[in-house]
Amino acid sequence: MDQQRATLAEIAQAAGVSIPTVSKVLNGRPDVAAATRQKVQTLIDERGYTVRRTSRPARRAGLIDLVLRDLGNPWAMQIIDGVEELAYGAGFGVIVSAVHGRHRNRPDRRWTEQLAARRCDGVLLVLSDISPSQRAQLDELGIPVVIIDPAGHPPADIPSVGATNWAGGLTATEHLVGLGHERVAVIGGPPTVPCSRARVDGYRAAMNAAGHRVPAGYVRTGDFTAPSGYRETNALLDLTRPPTAIFACADEMAMGAYEALYERGLRVPDDMSIVGFDDLDAARWAVPPLTTVRQPLTEMAAMATRMLLSLVDGEELGSHRLELATPLVVRHSTRQLP
């Protein structure tokens, strides 16, 4: 192997370990077994691997890359606000981009190339992922990554900030059950998205604890958008025995539910109680104002930015996994049954 072209991926393959493990050895991290550390270090020495970032300043361009799956919703704006305010105070600019392609979950190859060209200091990923090869490139460039609201289970060595989705689903449903509702339906997001599954699982746990049966038709699948909330609410209303309350696992789906009820001459909360999830700005201005589970998006983004800036400065993190609480915000879209 040409010593000048040895890469992290090649060292990892030869040692039979992951790329992050090689990175830990290079950075002197203590959480690597002694035998593994020796094996990796021997290969590094034999193959003449050098860390490319040592020739670069600790601070490249004062830029952070923020990558989101969708820029066209208020949820994204809360994330951007949380990142931009903290980054600005620390003297960093923020480059915001979207994952291109309707069903894409990770940036394409051009993004990594552009990232290297503009000498970015760090990356914040929102509900997205990067490929192993992209991760290897970022490690070689010395660019740290933090994930906000992970869609799945990120690698153990990539820090992330999320929310207590299961607890939020439990709290939302307990609120409705506490108001006397036994026929409570749920409109979840895509079942492949772990945060959606967690919210629906919290709903099921609350219903089971209360001894209420969940008919198959009461568990609906949306995609976190208003049109899907509208569609699934109509499906619920068409049931022989429709629910008296709906837990929509996103505020936008709750707005779609409002529209479906309005078109049928039904009122919230007189004819149907509704609870959302997110606490977007629109929730307080809905008619009636929406009871919802608050996902602290701005705080999550700010916390992730703090973690990233610490990594940029070469500091160790106290914890790689943080989950912020999801409290219930009670407004006027739910009522006590007589």
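The values are calculated or read from the model by the stated rules, or taken from the named source; none is laboratory data. This structure is a prediction, so every number in the text was calculated from the model and none was measured. Cβ placement follows ideal geometry from the backbone for every residue including glycine, while neighbour counts extend to all protein chains displayed.
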Which one is surrounded by the fewest Cβ atoms within 10 Å (Cβ to Cβ), of the residues in the stretch 250-306 that are within 18 Å of residue 78 (Cα to Cα) and among the basic types (Lys, Arg)?
284
Which residues, taken from the stretch 313-326, are in a loop (DSSP other than H, G, I, E, B) and surrounded by fewer than 16 Cβ atoms within 10 Å (Cβ to Cβ)?
313, 314, 315, 316, 317, 318, 319, 320, 325
Can you tell me which residue in the stretch 185-199 is nearest to the chain's Cα centre (by Cα), limited to those that are β-branched (Val, Ile, Thr) and at pLDDT below 95?
193
Which condition number in (1) of a type outside the set (Lys, Arg); (2) out of contact with any Ser or Thr (no Cβ under 6 Å at 6 or more places or on another chain); (3) assigned by TED's automatic domain parsing to the domain that holds residue 251 is the one that residue 291 fails?
(2)
Filter result (surrounded by 12 or more Cβ atoms within 10 Å (Cβ to Cβ), under 14 Å from residue 144 (Cα atoms) and modelled with pLDDT under 75) within the stretch 37-63
53, 59, 60
Answer yes or no as to whether residue 310 is more than 16 Å from residue 75 (Cα to Cα), over 17 Å from the mean Cα position of the chain (by Cα), part of a helix (DSSP H, G or I) and in the same structural domain as residue 174 (by TED's automatic domain parsing).
no
Taking the stretch 278-307 and keeping residues over 14 Å from the mean Cα position of the chain (by Cα) and part of a strand (DSSP E or B) leaves 291, 292, 293, 294
What pairs come out if I take residues in the stretch 242-267 that are in the same structural domain as residue 287 (by TED's automatic domain parsing) and farther than 13 Å from residue 231 by Cα and pair them with residues that are among the charged types (D, E, K, R) and in a loop (DSSP other than H, G, I, E, B) whose C-beta lies under 6 Å away, six or more apart or interchain?
243/183; 244/183
